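Written below as structure tokens is the structure these notes are about.
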Amino acid sequence: MLDDTDLRLLTLLQQNAKLTIKELAEQLGMTTTPIFERIKRMERDGVITGYVALVDPEKVGRPLVVFCNVSMPDYTPDNISGFEESIRQMPDVLEAYHLAGTIDYQLKVLVQDIKEYTLFLQQVATLPMVRVHSSAIALYTVKQSTIVPTPAKITML
């Protein structure tokens with residue numbers, strides 16, 4: 001169970017995971033030992049799943065975001081697991097969601113240009129269990145966040 005201090009600590013870490021234990025303790029009005037112990041507990045319990053560097057896609061040659069909507073005409077457990085395993089191996093797929101509705105999956109794909117997206121579509125087309133339903137090209141990003149909101153009762157720092 002997470003208490004208010006845990007949630008405030010998570011908010012701080014999501015905003016800047018490079019904060020030191022000392023800086024976190026100062027911002028939360030605590031000493032370093034309980035902060036360290038709370039972080040280790042949340043890591044052990046799977047609340048904190050990792051630490052990453054956020055990279056600007058344009059600066060590494062991947063400026064085009066495409067949402068690829070995929071349908072699975074023969075919706076079987078084997079087809080589901082086979083498709084999901086295939087998608088996990090595709091580095092251009094940043095996110096993949098299994099949906100309820102007329103579209104079975106939505107993939108967030110990051111590529112250099114339309115030519116590269118065409119190659120991606122050809123790769124997906126080799127998977128016998130699916131068909132591409134539609135694609136939507138993002139014109140620009142309005143909002144992008146990696147911060148999971150904490151419950152409303154918590155006062156933001």
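Is there a residue being within 30 Å of Leu12 (Cβ to Cβ) and among the basic types (Lys, Arg) anywhere in segment 85-100?
no
Could you go through segment 20-39 and let me know if any residue there is charged (D, E, K, R), under 29 Å from Leu94 (Cβ atoms) and out of contact with any Asp or Glu (no Cβ under 7 Å at 6 or more places or on another chain).
No, the conditions are met nowhere in segment 20-39.
Within segment 43-89, which residues are touching a Phe, Trp or Tyr at 6+ places or on another chain (Cβ under 9 Å), outside any helix (DSSP H, G or I) and without any contact (Cβ under 8 Å) to a residue 60 or more places away in the chain?
Matches in segment 43-89: Met72 only.
Looking at segment 120-137 only, could you name the residues that are in a helix (DSSP H, G or I) and either closer than 19 Å to Val60 by Cβ or touching a Pro at 6+ places or on another chain (Cβ under 8 Å) (or both)?
Phe120
I'd like the full set of residues that are in a loop (DSSP other than H, G, I, E, B) and surrounded by fewer than 14 Cβ atoms within 10 Å (Cβ to Cβ), limited to segment 29-42.
Matches in segment 29-42: Gly29, Thr31.
Hey, among Leu64, Leu10, which residue is among the hydrophobic types (A, V, I, L, M, F, W, C), at pLDDT 95 or above, more than 24 Å from Pro151 (Cβ to Cβ) and open to solvent by less than 60 Å² (accessible area, probe 1.4 Å)?
None of the other options fit; the residue is Leu64.
Of the residues in segment 13-28, how many are assigned to a helix (DSSP H, G or I), free of Cβ contacts under 8 Å to residues at least 40 places away in the same chain and open to solvent by 40 Å² or more (accessible area, probe 1.4 Å)?
The qualifying residues number 4.
Quickly run through segment 81-119 and pick out the residues that are under 19 Å from Val60 (Cα atoms), acidic (Asp, Glu) and open to solvent by less than 50 Å² (accessible area, probe 1.4 Å).
Once the filter is applied, which keeps residues that are under 19 Å from Val60 (Cα atoms), acidic (Asp, Glu) and open to solvent by less than 50 Å² (accessible area, probe 1.4 Å), segment 81-119 yields Asp92, Glu116.
The values are calculated or read from the model by the stated rules, or taken from the named source; none is laboratory data. Every value quoted in this text rests on a predicted model; they were computed, and no experiment measured them. So basically every Cβ, Gly included, is an ideal-geometry build from the backbone, and we count neighbours across all protein chains shown. What goes into the accessible areas is simple: the full protein's heavy atoms, side chains included, and nothing from ligands, DNA or RNA. Shrake-Rupley method; radii C 1.70, N 1.55, O 1.52, S 1.80 Å.
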